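Okay, structure first, notes after.
The values are calculated or read from the model by the stated rules, or taken from the named source; none is laboratory data. Note that this is a predicted model, so its numbers are computed, not measured. Here the Cβ positions follow ideal geometry from the backbone for every residue, glycine too, while neighbour counts run over all protein chains shown.
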Amino acid sequence: MHTIPKWNRCWNLEMPYISHIQVCSSHGIKSGRPIKHKHDSSSEADSEKSGVHVQQKIVSTSSLELDRHGLPLVPQPSRFKDDPLNWPAWMKWAVLIQVGFFAFLGPFNSAVVNPSLVLLAEGLGVDSTTASYTTTCAIIAGGLTPFIFTPLTNIYGRRPVTLVAILMTIAGGIGSGASTSYAGVATTRALNGAGFGGMMSVGTSCVNDMFFLHERGEKTGIYVIFVTNGAHVAALFGGFLGAAKGWKWDFYIGAIITSLPFVIALFLFPETLFSRDEEFLANRTHERSYFEMLFNFRGNMIPNRQLRLSHFTHSFTMLKYPSVTLPFIYYTLAWSFSNILPAVTLATIYHQFYKMGAGPIGACLGISLTIGSVLGELCSGRLSDVIMYRMAKRHGGVRKSEYRLYLSPLSAFFMPAGIIIFGACVGRTGFIPPLVGLSVAVFGLQIGSTCLYAYISDCYKPQTPEMGVLFNLSRGLSFFIPFVATRLANKIGYLWAWFTFAAILFAAYLPVAALIWQGERWRLAAGTPKFHRYM
């Protein structure tokens with residue numbers, strides 16, 4: 001345990017159950033905002049009226065675990081070795097890579113057939129726009145099913161729900177490849193989407209289960225880069241595979257690849273759900289073994305927790321908080337215009353203007369978007385943690401959530417710029433300049449995604465699963481893109497259509513920018529959610 005640095009003997013520390021904990025040394029308690037006791041009846045009544053639930057807790061710094069910079073760890077780990085915060089680094093990284101890959105497989109399964117949409121259309125006897133609606137079915141299902149899966153993960157655990165979701169994804173992929181009719185493909189694509197929606201519903205929860213606040217920028221960025229690149233990697237070989245073996249094999253390969261992490265997860269994906277309720281931890285005596293964290297279903301559940309109908313509406317409850325709603329709207333449009341728009345339109349556009357086949361189209365899409373997202377992560381994840389540390393040190397050790405948004409203006413510049421570059425160049429230049437635009441746009445998307453994921457997690461850590469549901473819904477809401485993009489371009493041209501999308505996206509950022517200055521005040525005024533305080 002580190003010693004307490006002389007320059008900082010008192011902190012306001014954000015932790016579960018409470019808005020702020022004032023942490024002071026034995027040299028005295030500095031003045032701060034009034035803090036009410038959690039169990040005091042009058043204070044409880046006042047907190048219910050204001051919507052803010054706070055607890056008085058003066059913590060001796062001699063008992064605090066500190067990070068390498070001498071700041072208190074947030075949250076404070078328990079004394080138990082099976083607490084995910086206390087896991088060895090290799091176990092945390094193993095789970096992080098797995099949940100990242102689960103999230104990668106969602107967009108991968110959704111988009112692997114996109115470069116072969118022309119082939120799919122010919123095989124099913126429909127036009128390419130109608131064929132793209134099968135992808136829409138998967139996207140919609142993937143956006144909706146987390147509303148069902150996430151409450152289950154909070155009661156029964158992340159692990160069992162994820163394993164069931166993987167099996168659904170595999171079944172949907174096999175079914176899509178075996179289908180011979182448009183209705184059959186659309187139905188099984190919906191099953192596939194329902195499964196990968198469940199796979200994607202645990203990622204942010206697991207990150208927050210295992211990592212401290214000062215680590216979440218980098219770790220969230222790693223998770224987000226998996227999410228962003230699933231569709232990009234799918235495009236790299238989906239087109240070539242479709243051209244060589246037919247569109248059915250695009251679905252089969254998704255099912256095959258999804259089967260591999262299922263086998264790995266059976267032995268390397270221990271349960272991360274862990275109660276941080278102080279009364280529960282004080283009375284807890286049993287420490288689970290690694291085997292129990294894998295296979296003891298009842299032992300991994302949090303005691304005395306039962307599934308209720310209200311749990312399925314908690315995600316919508318989070319929309320009343322500006323620090324959630326404004327990033328949700330911005331991310332929805334960012335994902336739609338920077339990632340889904342090229343994924344579902346490039347095959348048609350490049351076939352029309354450049355006479356490309358499925359393989360080259362997939363390579364163009366995958367390479368350009370992957371380069372942009374990787375570069376974006378290099379400029380966001382770790383840097384977000386550095387900014388958080390430096391700002392906290394400058395402000396007496398207070399880690400304000402809004403520091404996570406300091407990089408977000410870059411996303412508001414690069415995403416619209418990339419979208420406009422694509423619209424201005426496509427059909428007017430060679431095929432490479434529009435791809436540069438795609439790279440620029442997804443560069444901004446990666447920065448924005450990392451900032452927004454880390455921000456909402458820091459604002460409402462116990463409610464991270466519900467906010468992950470909303471961000472999954474964001475991706476599901478992108479289903480409207482195939483319906484409007486090419487139709488609008490046919491009416492007013494690609495330049496003005498894509499310029500319109502860029503303008504909408506920039507306008508959606510302005511309320512997020514306001515959070516940088518007003519976010520903390522708005523959060524205090526809105527209060528804190530009253531559910532999941534045990535997490």
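Miscellaneous remarks
- Filter result for Pro77 (surrounded by fewer than 24 Cβ atoms within 10 Å (Cβ to Cβ), in contact (Cβ under 8 Å) with a residue 12 or more places away in the chain and closer than 23 Å to Leu268 by Cβ): yes
- Residue in region 353-375 that is in contact (Cβ under 8 Å) with a residue 24 or more places away in the chain, surrounded by fewer than 22 Cβ atoms within 10 Å (Cβ to Cβ) and farther than 26 Å from Asn109 by Cα present: yes
- Note on region 348-368: residues that are within 25 Å of Trp496 (Cβ to Cβ) and in contact with a Ser or Thr (Cβ under 7 Å, 6 or more places away or on another chain) amount to 2.
- Extreme residue, farthest from the chain's Cα centre (by Cα), among residues of region 76-117 that are of a type in the set (Val, Ile, Thr) and outside any helix (DSSP H, G or I): Val113
- Thr464 being within 26 Å of Gln76 (Cα to Cα), in the same structural domain as Leu213 (by TED's automatic domain parsing) and modelled with pLDDT under 85: yes
Here is a yes/no grid of residues against (1) in the same structural domain as Val112 (by TED's automatic domain parsing); (2) closer than 30 Å to Ser132 by Cα; (3) among the β-branched types (Val, Ile, Thr):
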{"site": "Gly246", "(1), (2), (3)": "yes, yes, no"}
{"site": "Ile253", "(1), (2), (3)": "yes, yes, yes"}
{"site": "Thr258", "(1), (2), (3)": "yes, yes, yes"}
{"site": "Phe262", "(1), (2), (3)": "yes, yes, no"}
{"site": "Ala265", "(1), (2), (3)": "yes, no, no"}
{"site": "Leu281", "(1), (2), (3)": "yes, no, no"}
{"site": "Glu287", "(1), (2), (3)": "yes, no, no"}
{"site": "Phe291", "(1), (2), (3)": "yes, no, no"}
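- Restricting attention to region 90-127, the residues that are within 10 Å of Ala235 (Cα to Cα), out of contact with any His (no Cβ under 9 Å at 6 or more places or on another chain) and among the small types (Gly, Ala, Ser) add up to 1.
- In region 235-264, residue farthest from the chain's Cα centre (by Cα) [restricted to those that are small (Gly, Ala, Ser) and surrounded by 22 or more Cβ atoms within 10 Å (Cβ to Cβ)]: Gly242
- Any hit, region 349-370, residues being farther than 28 Å from Ala121 by Cα and not in a helix (DSSP H, G or I): no
- Residues that are under 17 Å from Cys451 (Cβ atoms) and without any contact (Cβ under 8 Å) to a residue 60 or more places away in the chain within region 388-409 comprise Arg390, Met391, Tyr403, Leu407, listed in sequence order.
- Condition broken by Ser43, with the remaining ones in (1) surrounded by 18 or more Cβ atoms within 10 Å (Cβ to Cβ); (2) out of contact with any Asp or Glu (no Cβ under 8 Å at 6 or more places or on another chain); (3) at pLDDT 50 or above; (4) not assigned by TED's automatic domain parsing to the domain that holds Gly238 satisfied: (3)
- Residue among Ala503, Ala514, Ala489 that is modelled with pLDDT of 90 or more, closer than 30 Å to Tyr133 by Cβ and part of a helix (DSSP H, G or I): Ala503
- Residue count for region 178-202, restricted to those that are without any contact (Cβ under 8 Å) to a residue 12 or more places away in the chain and of a type in the set (Gly, Ala, Ser): 3
- Test: Met301 is modelled with pLDDT under 95, surrounded by 16 or more Cβ atoms within 10 Å (Cβ to Cβ) and in contact with a Pro (Cβ under 8 Å, 6 or more places away or on another chain): no
- The one condition in (1) modelled with pLDDT of 90 or more; (2) among the small types (Gly, Ala, Ser); (3) under 28 Å from Phe147 (Cβ atoms) that Ala178 fails to fulfil: (3)
- Whichever residue in region 397-445 is under 30 Å from Gly217 (Cα atoms) and not in a helix (DSSP H, G or I) and, among such residues, is modelled with the highest pLDDT: Lys400
Okay, residues lined up against (1) among the small types (Gly, Ala, Ser); (2) outside any loop (DSSP other than H, G, I, E, B):
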site	(1), (2)
Thr204	no, yes
Ala235	yes, yes
Phe240	no, yes
Ser259	yes, yes
Phe262	no, yes
Leu266	no, yes
His286	no, no
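- Condition met for Pro160 (in contact (Cβ under 8 Å) with a residue 24 or more places away in the chain, over 13 Å from Ala190 (Cα atoms) and crowded, with 24+ Cβ neighbours inside 10 Å): no
- For region 489-504, a residue qualifies if it is of a type outside the set (Phe, Trp, Tyr), within 11 Å of Phe422 (Cα to Cα) and either more than 26 Å from the chain's Cα centre (by Cα) or outside the structural domain of Phe353 (by TED's automatic domain parsing) (or both), and the qualifying residues are Leu495, Ala497.
- Pairs where the first residue, in region 107-135, is at positive phi and the second is crowded, with 24+ Cβ neighbours inside 10 Å and assigned to a helix (DSSP H, G or I), C-beta under 9 Å, 6+ apart: none
- Residue list for region 60-74, filter: assigned to a helix (DSSP H, G or I) and in contact (Cβ under 8 Å) with a residue 24 or more places away in the chain: Thr61, Ser62
- Tally, over region 456-484, of residues that are under 18 Å from Ala508 (Cα atoms) and under 11 Å from the mean Cα position of the chain (by Cα): 6
- Selection status of Gln446, in contact with an Asp or Glu (Cβ under 7 Å, 6 or more places away or on another chain) and not small (Gly, Ala, Ser): yes
- A single member of Tyr509, Tyr494 is surrounded by 21 or more Cβ atoms within 10 Å (Cβ to Cβ) and over 15 Å from Ser411 (Cβ atoms), and it is Tyr494.
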